[in-house]
Amino acid sequence: MIRLLQVKTIEKEEAFLRQVSTPVDVKDKDLPHYIQILEEYCKEHEVMAMASVQLGIPKRLMYLKNTNLDVIHRQQTNSASLDDKVYNEAKVFINPVIVERIRLTEYWEACASCLDYVGLIQRLYKIVVEYFTLHGEKKRKTFEGFPATVISHENDHFDGVLHIDIAIQLLQIPGEERNLLRQREPYRILEKEGKYEDLIKSRKEKKKIL
């Protein structure tokens, strides 16, 4: 069995990362193998999540490993316990679609595919996601706070969008400096109420006035 555990990066495979991922056929006999590839990579690396296109599989398939800010903070400040080091939410989303978007957060995001680039990104505070399980069962679930940020980041990968494309501020710094930056400027909830689409519309109208 081939193990595709080399993450694709913008250094050599940007065109591959920019493609639009295709829907997953839940009856695809290779689907368990794809999920195994994602799981193995996430277990072996300190990542929050992974879209399968990053590992050479341009399908709408996502694996969530760590959306717990407390665990992430301890990992990034070298105070992680043994449980923290193996922490894994092990959530798989097949063909996820964000059907509802609520307001705004801010976080310095990084990406295994984007090398040392860290960007200040404004994302959704709350999302409603429809997705399929490995058994073909359709689910609908609400995510608030940081999990919504992580899912939104990975969901962008399905459409070839990278965090460096939407950053309001972009820096190129090594991982240790990124961790210090996140300690100085942690995840922030800017607004909890109101639809995200209304916020974007309001901002566009203000730009026109200016």
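Is the C-alpha gyration tensor of segment 1-120 telling us rounded, prolate or oblate? Criteria: a/c under 1.5 is rounded; beyond that, a/b larger than b/c is prolate, otherwise oblate. It comes out rounded by the Cα gyration axes. What is the log10 of I(q)/I(0) for segment 130-177, computed with the Debye formula using one identical point scatterer on each Cα and no solvent, at q = 0.17, 0.27, 0.31 Å⁻¹? One equal scatterer on each Cα of segment 130-177 leads to -0.72, -1.12, -1.13. Average accessible surface for segment 111-210: 59 Å² per residue, computed with a 1.4 Å probe over protein heavy atoms with every protein chain in place. Within the chain, Cys42 have no other Cys Cβ under 4.7 Å of their Cβ and so lack a disulfide-compatible partner by this rule.
If you wrap the Cα atoms of the chain in a convex hull and average its projected area over all directions, you get 12.7 nm².
Counting only protein heavy atoms and using a 1.4 Å probe, what share of the accessible area of segment 89-202 belongs to carbon plus sulfur, as a whole percent? The computed percentage sits at 47. If a paramagnetic tag sat 7 Å from the Cα of Asp159 along the Cα-Cβ line, which residues of segment 13-29 would have the backbone N under 12 Å from that point? Label zone hits: 20-21.
In this Cβ point-charge picture (+1 for Lys and Arg, -1 for Asp and Glu), the chain has a dipole of about 680 debye about its Cα centre.
Antiparallel as a % of all DSSP beta bridges within the chain, to the nearest 5? Antiparallel bridges make up about 95 percent of those DSSP assigns within the chain. Within the accessible surface of segment 12-62, defined with a 1.4 Å probe on protein heavy atoms only, the carbon and sulfur portion equals 52 percent.
Roughly speaking, what is the stretch gain from Asp198 to Lys27, that is 0.36 nm per residue apart minus the C-alpha to C-alpha distance, in nm to one decimal? If you can, show how the numbers build up before the last one.
Values: separation 171, 0.36 × 171 = 61.56 nm, distance 3.82 nm.
Gain on extension, Asp198 to Lys27, equals 57.7 nm.
Look at the Cα gyration tensor of segment 76-195: its axes a ≥ b ≥ c give a/c of at least 1.5 with a/b over b/c, and that counts as prolate. Under a 5 Å amide H cut-off, with hydrogens placed 1.01 Å from N, Glu100 pairs with Val128 among residues at least 5 apart or on other chains.
Computed from phi, the 3J(HN,Hα) profile of segment 164-178 under the Karplus parametrisation 6.51, -1.76, 1.60 (θ = phi - 60°) reads 5, 6, 10, 5, 7, 8, 10, 10, 10, 9, x, x, 5, 5, 4 Hz, with x in place of Gly and Pro. Across the chain, where is the longest run that never hits GluC sites (Glu not before Pro) in a DSSP loop with at most 12 other C-beta atoms within 10 Å? Here the longest segment lacking exposed loop sites spans 12-136.
The values are calculated or read from the model by the stated rules, or taken from the named source; none is laboratory data. Please read all numbers here as calculations on a predicted model, not as lab measurements. When we count neighbours, we look across all protein chains shown, and the Cβ atoms used for this are built from the backbone with ideal geometry, even at glycine. Surface accessibility is based on the protein's heavy atoms, side chains included, excluding ligands, DNA and RNA. Shrake-Rupley method; radii C 1.70, N 1.55, O 1.52, S 1.80 Å.
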